[in-house]
Amino acid sequence: MKVVKEEKKRVTITFEGEPLEWIEQQINERVFHNYQHAVEYCVMKTYHLEYDRFSHINVFDDHATIYDNLKKEIVNVYFKNDPYCEKCESADCEHVKYALTLPKVVEPLREKGWIIMDGRIIIKPN
Ligand SMILES: [Zn+2]
């Protein structure tokens, strides 16, 4: 018999005063469903505003080299016929999305007829 131990991560957060009033007001106005939703929103908002997961190291003719600050590793993303992340062996991962926001990657692809918006390929020539 195999026993799988589940490691539960729990965080207790205490709000008081004005921030708590604000959250209660947002819940009453149906901006958030409940406290859990409000706290998740606040944490994710801070994450997106404050945490730069990726930094770009260099852009070459056929690929971009980026650094993943979360996984602490260098990742190469290739742009030949399709985008390709060496690390994930995927055309559709966070590394590809990030590389597709770099002007040095996007501009040459646009010149070849690719249409890229917000890190996503809209149209790619055959
Ligand atoms: Zn990847």
Inset, instruction - Compare ARG110, ARG53, ARG30 in a GNM of the chain, Cα atoms joined below 10 Å, and give the one with the largest fluctuation. - result: ARG30
Inset, instruction - Compute all pairwise cysteine Cβ distances in the chain, then list the cysteines with no distance under 4.7 Å to another cysteine. - result: CYS42
Inset, instruction - List every residue whose amide H lies under 5 Å from the amide H of LYS87, counting only residues 5 or more places away in sequence or on a different chain, with H placed 1.01 Å from N in the peptide plane. - result: ASN76
Inset, instruction - Go through LYS72/LYS124; LYS8/LYS45; LYS45/LYS72; LYS71/LYS112 and tell me which ones have a Cα-Cα distance over 25 Å in this structure. - result: LYS72/LYS124; LYS71/LYS112
Legend entry - Most mobile listed residue (TYR67, TYR35, TYR78) in the chain, GNM with C-alpha springs under 10 Å: TYR35
Inset, instruction - Please identify, among HIS48, HIS33, HIS63, the residue showing maximal mean-square fluctuation in a Gaussian network model of the chain using a 10 angstrom Cα cutoff. - result: HIS33
Legend entry - Computed magnitude of the charge dipole of the chain (debye, nearest 20; Cβ of K, R +1, Cβ of D, E -1): 460 debye
Inset, instruction - Counting other Cβ atoms within 10 Å, keep those with at most 13, restrict to DSSP loop, and tell me which GluC sites (Glu not before Pro) in segment 29-89 are left. - result: GLU29, GLU89
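Only the coordinates and a few stated rules stand behind these numbers; no lab work does. Here the structure is a predicted model, which means the values were calculated and not measured. Cβ coordinates were reconstructed from backbone atoms using ideal geometry, including for glycine residues, and neighbour counts include every protein chain displayed.
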